[in-house]
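Okay, so here's the structure we're looking at.
The values are calculated or read from the model by the stated rules, or taken from the named source; none is laboratory data. None of these values were measured; they are calculated from a predicted model. Cβ placement follows ideal geometry from the backbone for every residue including glycine, while neighbour counts extend to all protein chains displayed. With ligands, DNA and RNA removed, areas are computed over all heavy atoms of the protein, side chains included. Shrake-Rupley method; radii C 1.70, N 1.55, O 1.52, S 1.80 Å.
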Amino acid sequence: MIDTGVTSDHEALGDKVLPGKNYISGDFNTYDDHGHGTLVASIIAAQTDNGIGIAGVDWNCKILPVKVMDSTGYGPYLAVAEGIRYAADEGAK
């Protein structure tokens, strides 16, 4: 999930969020301070049949959060490029 990060303790995602990387602050805190990344991650992987929210389109997948955009939704090209490379190196599909 190369985006604004992912809120790893979001109720719809459960234990599906893997440790990732933050290319905005240069650390491993991938908390989503914008909301877009978590929204998209939920559409992709939200748990099904849990009585809350929506069911994701692939409820068997894991989410690797790669934060390349800040709280305003801005992401420098270099951060995006580094994030794509990191995800590929980690085996993301």
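Per-residue ellipticity at 222 nm, computed for the chain from helices alone with -39500 (n - 2.57) per DSSP H run of at least four residues, works out to -7500 deg cm²/dmol.
The angle separating the long axis of helix 36-45 from the principal Cα axis of greatest extent in the chain is about 50 degrees.
Based on the reciprocal of the average 1/r between different C-alpha atoms, the Kirkwood radius for region 10-60 equals 11.7 Å. Compute the angle between helix 77-89 and the longest alpha-carbon principal axis of the chain, please, reported from 0 to 90 degrees and rounded to the nearest 10. It is inclined by approximately 60 degrees. Could you tell me the distance between the Cα centroids of region 37-93 and region 5-25, to the nearest Å? Measuring centre to centre over Cα atoms gives 8 Å. About its Cα centre, region 34-93 has a charge dipole of approximately 20 debye under the convention of +1 per Lys or Arg Cβ and -1 per Asp or Glu Cβ, with nothing else charged.
Label separation (Ile43 vs Phe28): 3.0 nm, computed from points 7 Å beyond Cα along the C-beta direction.
For the chain, with all protein chains present and a 1.4 Å probe, just round the carbon and sulfur fraction of the accessible area to a whole percent. Answer for the chain is 56 percent, counting heavy atoms of protein chains only. Dipole of the chain computed with +1 at Lys/Arg Cβ and -1 at Asp/Glu Cβ about the Cα centre; of Ala87, Ala45, Ser8, farthest Cα towards the positive end is Ala87.
Look at the alpha carbon pairs under 8 Å that are at least 6 residues apart: their mean separation over the length of the chain gives a relative contact order of 35 percent.
Figure legend: label point modelled 7 angstrom from the Cα of Tyr74 along Cα→Cβ; residues of region 10-51 with amide N under 17 Å from it are 23-26, 33-35.
Expressed as a fraction of 2.2 N^0.38 Å, the C-alpha radius of gyration for the chain is 1.02.
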